[in-house]
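Colleague: Following this message is one structure expressed as structure tokens.
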Amino acid sequence: MSILSPYYLTTVKMTRAGLIFCMLIVLVLAAGCQREKTPPGVLSKKEYAQYLVSIYVAEAKLNTYAITPDSAMKLFQPFEQSLLRKFTTSDSLIQKTYQYYLEHPAQMEQIYTAVIDTLNLMEQKANSRPQP
């Protein structure tokens, strides 16, 4: 008796095996097609990248001043508060977002790739301007 005979296709053994095989195929396809969505209460990759770019630009500006670290922190705190208002977020949400992306390193890598690209582009634009 051949495995491909019509009798084999109607047996209980084949229907169970076929059902399990079909379920596995469906699960693999469903897992592969899912989009990476951030949970509620976490900034999207794009929003978080924009936030990080703003932070790094502010820190770079502060580094150009000849001031002590304590004074720099006092100047930075009001900016940080205005940045949180701009992004309509809170410090706890930023912490939660940071923790989420630490647990998802592939997504964190995408975010930092975007941040680095944006900062490099900003630097190129600044360097291409004619100096007064």
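Every number in this text was worked out from the coordinates using simple rules, so none of it is lab data. Fair warning: this is a prediction, and the values are worked out from it, not measured in the lab. Here the Cβ positions follow ideal geometry from the backbone for every residue, glycine too, while neighbour counts run over all protein chains shown.
Colleague: Using 0.36 nm per residue of separation minus the Cα-Cα distance, give me the extension gain between Lys86 and Asn127 in nm, one decimal. Please report the intermediate quantities before stating the final value.
Modeller: Details: separation 41, 0.36 × 41 = 14.76 nm, distance 2.74 nm.
Full extension from Lys86 to Asn127 adds 12.0 nm.
Colleague: Here's something else I'd like to know. Quick check: pseudo-label points 7 Å beyond the Cα along Cα→Cβ at Gln110 and Tyr65, how many nm apart are they?
Modeller: With each label point 7 Å from Cα toward Cβ, the separation is 3.7 nm.
Colleague: Filter Lys37/Lys96; Lys74/Lys125; Lys46/Lys96 down to the pairs with a C-alpha to C-alpha distance above 26 Å, please.
Modeller: From Lys37/Lys96; Lys74/Lys125; Lys46/Lys96, over 26 Å: Lys74/Lys125.
Colleague: Here's a follow-up. Mind listing the phi-derived Karplus ³J(HN,Hα) values for region 84-98, rounded to whole Hz, using 6.51, -1.76 and 1.60 with θ = phi - 60°, and x for any glycine or proline?
Modeller: Once rounded to whole Hz, the list reads 5, 5, 4, 8, 6, 9, 10, 4, 5, 5, 5, 4, 5, 5, 4.
Colleague: So, one more: Name the long-range amide H neighbours of Leu43: under 5 Å, sequence gap of 5 or more, or other chain; modelled H, no Pro or chain starts.
Modeller: Thr97
Colleague: State the extension gain, in nm to one decimal, for the chain segment bounded by Leu93 and Lys37, taking 0.36 nm per residue of separation less the distance between their alpha-carbons.
Modeller: Answer, rounded to one decimal: 18.5 nm.
Colleague: Okay, next question. When a/c is below 1.5 the answer is rounded, else prolate if a/b is larger than b/c, else oblate, so apply that to region 45-128 with a ≥ b ≥ c taken from the square roots of the Cα gyration tensor eigenvalues.
Modeller: Verdict is oblate for region 45-128.
Colleague: In debye, nearest 20, what is the charge dipole magnitude of region 31-132 about its Cα centre with +1 on Lys and Arg Cβ and -1 on Asp and Glu Cβ, if you could check?
Modeller: 340
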